[in-house]
Structure formats: structure tokens, C-alpha cells
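Participant: This structure is in C-alpha cells; I'll ask about it shortly.
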Amino acid sequence: MDQNEELLELSGSVSSVIYKNEENGYTVLRLLDGSGETVTVVGCFPYASVGESMIISGRWTTHNVHGRQFKAEFAQRLMPDTEQDIYSYLAGGAIKGIGPAMASLIVNEFGEQSLAIIENEPEKLTRIRGISQNRARQISKDFRRQAGMRRLMEFVCSFGLRPILAMRVYRYYGDGGLDLLRENPYLLATEHIGGSFAEADIMAQEIGIDAYSPKRVSAAVLFELVHNADNGHCFIPREKLAAITAQLIGVEPESADESIASLAESGQLICEDIAGCHACYLPVLYEAEVGAAERLAAMAQRRFPDQLDLDALIRSLERELNIQYAPMQRQILGLALHHQLVVLTGGPGTGKTTSVRAILAMFDRLGMKTLLTAPTGRAAKRMTELTGREASTVHRLLEAEFADDDETLVFSKNAGDPLDCDAVILDECSMVDIQLLHALLEALPPDARLVMVGDADQLPSVGPGNVFSAIIRSQVVATVRLTEIFRQKEDSRIIRNAHMINRGEHPDFSENTGDFFRLRRMQAGSSVDTIVELVSKRLPEKMHIPTDEIQVLSPTRKGELGTVNLNKCLQEALNPHDGKKREKVFGEIVFRENDRVMQIKNNYDILWQSTDHKSAGSGIFNGDIGRVVQIDPDAEQLTVDFDGRMASYDFDSLLELEHAWAMTVHKSQGSEYQAVILALSAGSQMLLTRDVLYTAVTRARRLLIMVGDDQTAYQMIDNYRQTKRYSALRVRLRRLCGAEG
């Protein structure tokens, strides 16, 4: 087809919507044109509804399966204005809560003014039997929301940008989002909207913002800081920030540096000479790093006098728990008794859990109220199982919620309203980023102890900083590193191989015995088939490991052995389409009842109710795993059971969920599984690293199976590249504690 041929124009009203994709706006609809012919039209028509009128510019095409179609390039959309079209629009389910019967009553009462009444005078809807004042307000709210969202989507789509960006803008800014975007298109590139700078730049340039506009350059500087914070950096050196900004938008570094100076003067970024460079921070990260360093340094230097006979306590605990503590475990008890801040680290099988139980028992003897917490729900649940004491996520402990602007995360527990405790034990510290640590430290009472526990050799946090490693490397905090593998763990090849991997040694992966197996597959397709068979048949049938207790891990999302493809294959095997389970197509994902899914971002506002209806609350967090129990197309909601907490998602919120039969190694941190299947294939050296392999292996409790080429595993062991993160926490701690360097 000649792309230069003149566009044709087609007009008519929508008679039916065959398919619509809420994520990208792609829609297939049937249009009744002026001649009375019904034609198939495909294109971007967010929230298209039966009864609305369209004037479409496009071209005729022939699909190899669906035949002749009109492919839309542009569309002018008009709300229905005749009684018949308004009835069709309302009866077709365009507005929640209105079906054919109610649509007929409304149109009979208000005629061609029906939509105007709904939008502007909803109180008049109460004339209709069955519509209360509350229901009338809700109908009007849904209609106005849809109309505002559609206007915003049409504006964004007119620049060829993703409709999902409009959905996020509307979610945060409501009807005011359109005016805000017109004033500053770079709003699209902010962290909470999630667009790229390139997408925002397309809109800005078409609107007429000059390439050298300070607004554009400043937006690029801030985008680079946010982007690099997502990559784990607390700051970026000024010279590097100017260079990468200039490269991003095609200006001179001097121009970028001028914007850095202007942003620093206005307080939108903070510059400081630290760690051997002129560091540029986002204010929130600067405040978090400085605040955390000051509190940690003060705690590191605080000592408590003897409050009991430690040796007698240890003998008593050993008798009570029928255990004998190793020298290093005795040492951590002594440090926890006398220091306000202590660190306990060590690999698998070295006795961290036993040590935590001992510290907890000691604090109990001292009459101290101790809180247990971890960064993720799964890590907190595991902590509860191992200690027999309730543990919660840090977010839940601090009562996290969004502020009134629906953007800023705030914690109800802080310096003004501290936690009610004498001590906190924080597990899985390698997952804690600088902002979360700062929030926890802010909420600690002045005299409360903090015990930080974790494996420093695991992957660092997803968020900014390398907190746990920096604290240990500062050498100013009382630290015990457990190294002895206890006898009951010595026969575990998972444990032995994990420690060999961590030391950079090559285990004999061909030794398929015990709890560690390697199934060598040289082709990705063969690996996928093997993984599906293991999860669906071999492990449940031969080893009696339930499918729910098997976790497939991969270093990457992409490729045949990435989590996206593995989840599609595992869904087909474990929860196939059968015509009985309801489904929801969202982008390229098909959500189906009984699917295993994972929440992929913290959502502090989503409401949940326990399955026994005895408790309720809010907040589902990044990494929480559940099962889809219901899909309701009429209510446009999907309900997930997260270990007894039932949470419902509107269809336009499904970006927060993804399938979870397979997940990345990064997402698995803080969890243990009965069986782990690790998919290995050649890929990016940034992902195929020693700490990724070590983290994956240490997720398995009973069985670890590597599927793929074991040469990839050896290459990962040899690839000891710890990505440098720009952070000054270690330097600040040493300086505040009077240490050199």
C-alpha cells in the first residue's frame, strides 16, 4: 500500500465494539456509515462505546484472516445526540451501573438531553425509579471521569504517544491533567507517570517548545536523576550529569550545566562535594542519605551498661532451647546487649535465624518490646514462620499511605509519632534502600535498639543506594559475619554450592545428587519444554511438591527463557483456556481466573478484606503473590486472593499485576521456596553475574534445578561485576564517627 496516497474519510456511528485493549487503546469496532453499510474499523479509540459518532480518516486494508478493514489514522469522535444513539450508548454498558432497562427509562424521561443531565444535573436522575441520590452522583462521576479521560487520551494519542500515559496522568491529576500537559509536556517523563523523556519531547516539540528552552534542558536534567535513581544511584557527579543530559537532548554540556546551577539555586536538586566528586542529588535522596547517616552514626556510638550476666543468660538459653551457640553467635548476643546498633550477616546455613531467635529471647529477658520487620510481605511472612513471632513489612509497620496529592508517600509513624518499641530486628537488609531505611530510623524512639540482619553478598536493593553493604564497609558499626556452615547443613548441596559460588569457585554441576540438580539443555526451546514438564508433572507427581510451592526463576524478562515467555507457557500448561474460567485481555497479557499473579508496585490505597470477613485494611505491596479468584466483566474488576486478603482491581489498574509462575531473580529476593527451577541462557552480562546466581540458588529450601547450559552458570560465577552505585553513605558514616577516608 502506498503510504503517500490520500487519506479517505469515513463517518458513522459505532454499532458494536468487537475488541478493546485498555492498555494501548487499540480497538476493533463495527461502524454503521451514512450509506447504511456496516464496516470493520481498527485503530486507537480509547473507551469507544456503542452509539457514539465518528469521523475517521484512514485507508482500506485487507487482513489475511479478518478480511477487508478500514485502518484509522485520525478520528474525530462525537458523543451521540439522537435518542436512539444515546440509548444504544447507555444500553451498551458505556457507564457503570446502567444497562438496557435503565437506559430506556433515562432516555424516555430526558430524551436528547440525557447525557447533559447525567454530566451536569445528576440530581434530576432521581426521578427515575431505582436511582437514589448516591447512585445518581456515582453515575455522573463515572460519566465525567470517562469523558475527561477520553479527552485526555485523544490529546495524547494525537501525538502518537501511548494511551496508558494519559490514563496515568488522569489518575493523578483528574480533569486538570489536560491543562497541565499543555503547559508542561515534560510532566509525562516524571517518575509517577512513567513516560520516557523522548515521549515527552515529542509532545513538547510539536507544541512548540524550543530545543534549547531552559524548561526542556531542566526537565532532561531531572529526568536523568530520576532515571539513575531507578538504577540504584543516590547521586550523579555533576560533570557526568551534564554530559549525559547533553547527550540525551542534543545540546552542549555547558547548557546542561547552566540548568544544573539553576535547579540547584531553586532547590530542585542539591549539589555537595562528597566522596571525591561534586555530587548532584534529588532533594528527597539527599535528605534520606544525610538523615540516615546522622542517625546511624549516633546509634553506632551509643553503648548500654551491663544489664545482666551475659554468660549466665547464654547458658540459660542453651538449656531452654536445647542448643549450643557457636562463638560468633555468642559474640552477636554480646554486641546486641551493649550496642544500640548491630549488624548480623552471613550466607545460607550459617545460623542467622538461630542468632535472631537468641537475640529475641535475650531482649524478652530484658523486658523489652521487640518488633520484627522486613522489606517485603513474603520476607516478613518467612520471618514469622522462623521465629514464631509476628513480623510485618516496614511499610505496614510505619503505616505508609499516599498524601492528599496521591503522589507522595508518607509514613504515619515518624519522629513526631514514633513506634512503640524498645528494639527492632530488621531482616533481609540487602533489599532495603536509603529512603526506606531513613523512614524506619526516623520512626525509632531515641533509645531503641536496631538489629540489622541479612546476606551482604546478595543482590542490592532495587531502590537507590547499597545500604547494607555501605554500613558494613564503613567499619564503624558493630558487625558479626557468620561463616561456619553448621553440621546439619553440610550435606546440602544447595548450601555447599552457594558458598562455592560466592567464593568464585566452580561446583561440579554434573553431580546430580541430593537437593541440587542440573538438567543440561543446549536449546532454549528444549529448556522451556523441560521447565514446563517439571512444574506441571514431574515434581508434583514424582517428588510430591505442589505446583504452588515451585518457583521458576530467570535472570531476565526477555527472550525464550525470560519470565514473560515462561509465564505464557506455564499458564498454558497449568491454567489453560477451557471456556469456563473468565478471562480479561490486557495488552499482550491474558488474565484468567485461577492465574498466579504478583503485585509489581507498592499500592498503599488498594483495599482488601480477609476471606473470613473478620478483618480489613489497605495496601498490597511489591512482590506480594496471589491467585485470581474472580473476573467480573460487568463491574470491570478482577479480584485476587493474597494469602487470605481479597483485593479487587479495576481493569485500568491491571498494570500493577503480572503472572508469577516465573519471576526474575531480583523479584525473588527475601523469599524461600520448596523448589526452585532456574532457567539459564546466554544474555546480557549485566544480568548474568555471580550475585544473581548466588541469590537464585539461595532461594531454594528443598530442591534446586538448573535448566540450560551449565557453561552459562560458570560464566556467571566468573562475572564478578558489582555495579558501582553512586552513594556517599559509607563516607558520611566514617566522617561522622571520626574515622578516616
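Participant: Which value in deg cm²/dmol, rounded to the nearest 500, describes the helix-derived mean residue ellipticity at 222 nm for the chain, given -39,500 (n - 2.57) per DSSP H run of n ≥ 4 and division by the residue count?
Facilitator: -11500 deg cm²/dmol
Participant: Keeping every protein chain in place, order Ile207, Ile98 by accessible area at 1.4 Å, biggest value first, i.e. largest first.
Facilitator: Result, largest first: Ile207, Ile98.
Participant: Using a 1.4 Å probe on the protein chains only, how many percent of the accessible area of the chain belongs to carbon and sulfur?
Facilitator: 46 percent
Participant: How big is segment 193-278 along each principal axis, measuring the range of its Cα positions in Å and listing the largest first?
Facilitator: Extents along the principal axes: 42, 25, 22 Å.
Participant: With a ≥ b ≥ c the root eigenvalues of the C-alpha gyration tensor of segment 505-567, is it rounded (a/c under 1.5), prolate (a/b larger than b/c) or oblate?
Facilitator: Judged from the Cα gyration tensor, segment 505-567 comes out oblate (a/c at least 1.5, b/c at or above a/b).
Participant: Tell me the accessible surface of Asp718 in square angstrom (1.4 angstrom probe, heavy atoms of protein chains only), to the nearest ten.
Facilitator: 100 Å²
Participant: At 0.36 nm per residue, minus the direct Cα-Cα distance, what do Val284 and Asp612 gain on full extension? Give it in nm, one decimal, please.
Facilitator: In short, 114.0 nm is gained.
Participant: Could you work out how far the C-alpha centroid of segment 213-284 sits from that of segment 645-670, in angstrom?
Facilitator: 33 Å
Participant: Could I ask something else about it? Just to be sure I understand: of the beta bridges DSSP finds with both ends in the chain, what percent are antiparallel, rounded to 5?
Facilitator: 65 percent
Participant: Give the peptides 33-46, 651-664 in descending order of average Cβ contacts within 10 Å, highest first.
Facilitator: 651-664, 33-46
Participant: Could you tell me which of rounded, prolate or oblate describes segment 640-741, using a ≥ b ≥ c as the square roots of the eigenvalues of the alpha-carbon gyration tensor, with rounded for a/c under 1.5 and, failing that, prolate when a/b is larger than b/c and oblate otherwise?
Facilitator: oblate
Participant: Moving on. Which value, in nm² and rounded to one decimal, describes the direction-averaged projected area of the C-alpha convex hull of the chain?
Facilitator: One quarter of the hull surface, i.e. the mean projection, equals 37.2 nm².
Participant: Further question on the same structure: Sort segment 348-473 into rounded, prolate or oblate with this rule: let a ≥ b ≥ c be the square roots of the eigenvalues of the Cα gyration tensor; rounded if a/c is under 1.5, and if a/c is not under 1.5, prolate when a/b is larger than b/c, oblate otherwise.
Facilitator: The shape class here is oblate.
Participant: By how many degrees, 0 to 90 and rounded to 10, does the Cα axis of helix 163-173 deviate from the longest principal axis of the chain?
Facilitator: Taking the Cα atoms of the chain, the angle to 163-173 is about 70 degrees.
Participant: Measuring with a 1.4 Å probe in the full set of protein chains, what accessible area per residue, in whole Å², belongs to segment 602-651?
Facilitator: Accessible area per residue: 46 Å².
Participant: Taking a 28 Å limit on the Cα-Cα distance, which of the listed pairs Lys141/Lys215; Lys141/Lys381; Lys20/Lys558; Lys352/Lys614; Lys240/Lys667 fall beyond it?
Facilitator: Pairs exceeding the cut-off: Lys141/Lys215; Lys141/Lys381; Lys352/Lys614; Lys240/Lys667.
Participant: To the nearest 20 Debye, how big is the dipole of segment 170-226 about its Cα centre, given +1 on the beta carbon of each Lys and Arg and -1 on that of each Asp and Glu?
Facilitator: 60 debye
Participant: Using mean Cβ contacts within 10 Å as the protection proxy, how do 364-372, 193-201 order, highest first?
Facilitator: Highest-to-lowest ranking by the protection proxy: 193-201, 364-372.
Participant: Turning to a different aspect of this structure: Using the heavy atoms of the protein chains and a 1.4 angstrom probe, tell me the accessible area per residue for segment 1-106 in square angstrom.
Facilitator: Result: 51 Å² per residue.
Participant: How much accessible surface does Glu83 have with a 1.4 Å probe, in Å² rounded to 10?
Facilitator: 90 Å²
Participant: Taking only protein heavy atoms into account and a 1.4 Å probe, give the accessible area per residue of segment 418-566 in Å².
Facilitator: 42 Å²
Participant: Another question, if that's okay. Please work out how much accessible surface Glu385 shows to a 1.4 Å probe, ignoring ligands, DNA and RNA, in Å² rounded to 10.
Facilitator: 120 Å²
Participant: Let me ask something else about it. If you place +1 on the Cβ of every Lys and Arg and -1 on the Cβ of every Asp and Glu, how big does the dipole about the Cα centre of the chain come out, in debye to the nearest 20?
Facilitator: Around 2480 debye, computed over the chain.
Participant: For the Cα atoms of the chain, what angle does the longest principal axis make with the long axis of helix 377-387, in degrees from 0 to 90, nearest 10?
Facilitator: 30 degrees
Participant: Right, something else. Report, to the nearest 10°, how far helix 310-321 tilts away from the longest principal axis of the Cα atoms in the chain, using its own Cα long axis and a range of 0 to 90°.
Facilitator: Long axis of 310-321 versus the principal axis of the chain: about 60 degrees.
The values are calculated or read from the model by the stated rules, or taken from the named source; none is laboratory data. This one's a predicted model, so the numbers in the text were calculated from it and none came from an experiment. Virtual Cβ from ideal backbone geometry, glycine too; neighbours counted across all protein chains shown. What goes into the accessible areas is simple: the full protein's heavy atoms, side chains included, and nothing from ligands, DNA or RNA. Shrake-Rupley method; radii C 1.70, N 1.55, O 1.52, S 1.80 Å.
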